[in-house]
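Below is one structure; the comments refer to it alone.
The values are calculated or read from the model by the stated rules, or taken from the named source; none is laboratory data. Note that the structure is predicted; figures quoted are calculated from it, not measured. With ideal geometry, Cβ positions are generated from the backbone for all residues, glycine too; neighbour counts draw on all protein chains shown.
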Ligand code: AKB
């Protein structure tokens, strides 16, 4: 029976990989993630581009392997190993993990909410089949895994204020459906095969280095570029749309702190609620106006992205992350705005 279940589930698209679950290839439960040889998927994306560089600085440039389906020629390719490959290509993924003795995977390759809604089949293919490949590789090679979930894993039936760690999850977007399914799959691989999978439910992420693409919370990044360039921003969400947000340095810190936390302290493991601030476009604009008084904001609401935002929580309760592995954000709204304006100015 142990042998039949995974064979049945994966047989349609896994080829050339040993699927049998024997004592030899079943990972043992570990209490400490190695982080000696690290793979980052989706490395050119908003999180990946910064996480790869942070991990290279911390664990050695040659020990962090970056992959993305886009060819790249920038600090990612110049500072360490970079491979152009799609996470849906299981044998290529397997080769890289095997040849480089990877022990930890940060799996960031994913379509975001708004673009996923335009291409639901592709979103399922990339987000789910990509994750299934990565989980299977982690099982085979005994790697630990970081998987980012999102506020999108909740839906309209979830309490939107002080959203509990464990609560109803009935998302209405395809992106949210792939995130809940991803959380469950990671739990499944932990319980069934002992894969040390850990993860966070990220809120909207704000960063100055790489722009997000196709997300609903992207306005909170775009607004800074517009404020510097033209002192005006036209927002695609309503003025009063309150959402959880986090500045990228905190997002990177959360991922690395969770992966290096003592496994014995983790009751939840996957899908920890984490937040740093919660604001509306109007409140963000008011904070920017403290630095750029002439800045103005108008609203031209995009019904698709507004409906997505309206289905997400306003403010999550992240006490499980605080208690189980010591999560604390460093940046609140005023500190984030000050730093973003400094950084975006220096790039412009
Ligand atoms: C998106 O807007 O799709 C993402 C997310 C909240 O997961 N930033």
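Quick check: is even one residue across region 284-292 more than 18 Å from residue 225 (Cβ to Cβ) and either touching a strand residue (DSSP E or B) at 6+ places or on another chain (Cβ under 6 Å) or surrounded by 23 or more Cβ atoms within 10 Å (Cβ to Cβ) (or both)?
no
So, of the residues in region 310-321 that are outside any loop (DSSP other than H, G, I, E, B) and in contact with a helix residue (DSSP H, G or I) (Cβ under 9 Å, 6 or more places away or on another chain), which turns out to be nearest to residue 266 (Cα to Cα)?
321
Does residue 239 satisfy the criteria of being more than 16 Å from the ligand (Cβ to nearest atom), over 30 Å from residue 142 (Cβ atoms) and at pLDDT 95 or above?
Spelling it out, residue 239 is indeed more than 16 Å from the ligand (Cβ to nearest atom), over 30 Å from residue 142 (Cβ atoms) and at pLDDT 95 or above.
Filter region 214-228 for residues that are away from the ligand (no atom under 15 Å from the Cβ) and either touching a residue at least 12 places away in the same chain (Cβ under 8 Å) or closer than 24 Å to residue 327 by Cα (or both); which is surrounded by the most Cβ atoms within 10 Å (Cβ to Cβ)?
Ranking the qualifying residues of region 214-228, first place goes to 227.
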